[in-house]
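FYI, it's all coordinate maths here, none of it is from the lab. Being a predicted model, the structure only gives us computed values, none of them experimental. Here the Cβ positions follow ideal geometry from the backbone for every residue, glycine too, while neighbour counts run over all protein chains shown.
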Amino acid sequence: MRRIWICAAVSLTVTACGRGGDFDATGTFEATEVVVSAEAAGRILCFDAEEGDVLGAGRQVGAIDTVQLYLQKLQMERQRASVRSGRPDISKQASSLREQIAKQQTERRRVESLLRDGAATAKQLDDIDAQLRVLNGQLDALLSTLENNALSIDENSSAIELQIAQIEDRLAKCRIASPIGGTVLAKYAEAGELASVGKPLMKVADLEHMHLRAYFTSDQLAGLELGQRVTVTADFGGEQQVDYPGRIVWIASESEFTPKTIQTRDSRANLVYAVKIAVENDGKLKIGLYGEVRLDD
């Protein structure tokens, strides 16, 4: 048994030494993952996404029952129509008084003409002016009342429109869609099940734009900068290794221990900094795959 452990240790040592000069850092591939959760409560009417399906951003793949919400929307639309039907037609309701005022003004001009010729009296002109003041006062009062009524009705109509907008927003949340373009990694619900707000429905990951989370030591940080081009080697096992061009998109501002469970004074030399390197996936890269990084000269 002791000989077996010795051989294994020697084998691991040889492997590590053989690859030690080939890379500057190592890590694993990751992708942006989103858990799509239900935004409404109700029965799932349809859910067509399956694990492995590639979805476009915003593409609807399912729906939650919307019957009650739709009926509420119809009811609110009827209420809005009823409220708007009571809005006064200010122009028509004030037209009678305006016609009377126009006639009195015509009569005043006629009396003024007669007064200049001595065929009318000043009292007749004064009576017409008094009648005009009464009619103008009535018109102002009527317009004020009608405008206040119209304003009140418009406010009520706007309030109903806001309620309709809220219902429409809730209806939109009954759609099941992925916020990002990506591949379905897992499906947590099926058509016919009851959904509650916040219940996970599926997990989607953007596998086209992946990144390698690698770890560099503090003495390597001076040679790293955002946007820097590097070479990433994906290890598929055995002799299957493929090189990909990569670009540094994030450098951690704080160090961490590796392994993280060791926090003694002697382990402080093992402090490392996480770095994300963006890599375009050709379809071969998988989440969790081992990768190595070489800094380009």
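Run the reach check for K123 against aspartates and glutamates, Cα to Cα strictly under 15 Å, same-chain hits fewer than 8 apart removed. What comes back?
Reachable aspartates and glutamates: E107, E112.
Could you work out the relative contact order of region 67-172, using alpha carbon pairs under 8 angstrom and six or more residues apart, expressed as a whole percent?
52 percent
Once every DSSP H run of n ≥ 4 in the chain is given -39500 (n - 2.57) and the sum is divided by its residues, what mean residue ellipticity at 222 nm do you get, rounded to the nearest 500 deg cm²/dmol?
Dividing the helical sum by the residues of the chain leaves -14000 deg cm²/dmol.
On a 30 Å Cα-Cα criterion, which of the cross-link pairs K199/K284; K73/K199; K173/K286; K187/K284 come out too long?
Listed pairs above 30 Å: K199/K284; K173/K286.
Relative to the present Cα-Cα distance, how much length would full extension add between S144 and A165 at 0.36 nm per residue of separation?
So the chain would gain 4.4 nm between S144 and A165.
Based on other C-beta atoms within 10 Å, arrange C174, C46 from fewest to most.
C46, C174
So what is the relative contact order for the chain, in percent, with contacts set as C-alpha pairs under 8 Å and at least six apart?
31 percent
Fewest to most neighbouring Cβ within 10 Å: what's the order for M210, M76?
M76, M210
Just to be sure I understand the model, the point goes 7 Å from the Cα along the line to the Cβ. What's the resulting K284 to Q131 distance in nm?
It is 10.1 nm.
Evaluate the chain: find the radius of gyration of its Cα atoms, find its Kirkwood radius, and give the ratio Rg to Rh.
Using only Cα positions, Rg/Rh for the chain is 1.44.
Would you mind telling me which residue in L226, L97, L201 has the biggest mean-square fluctuation in a Gaussian network model of the chain, where springs connect alpha carbons within a distance under 10 angstrom?
L97
If we count other beta carbons within 10 Å of each Cβ, what is the order of F236, F29, F47, fewest first?
F236, F47, F29
Between L221 and Q100, what is 0.36 nm times their sequence separation minus the Cα-Cα distance? Round to one decimal in nm.
Contour length minus the Cα-Cα distance gives 34.5 nm.
If one puts a single equal scatterer on every Cα of region 67-172 and applies the Debye formula without solvent, what log₁₀ I(q)/I(0) results at q = 0.14, 0.15, 0.21 Å⁻¹?
-0.69, -0.74, -1.00
Applying 1/(1 + (r/R0)^6) with R0 = 35 Å to the Cβ-Cβ distance of R213 and D65, what FRET efficiency is obtained, to the nearest 0.05?
Using R0 = 35 Å, I get an efficiency of 0.30.
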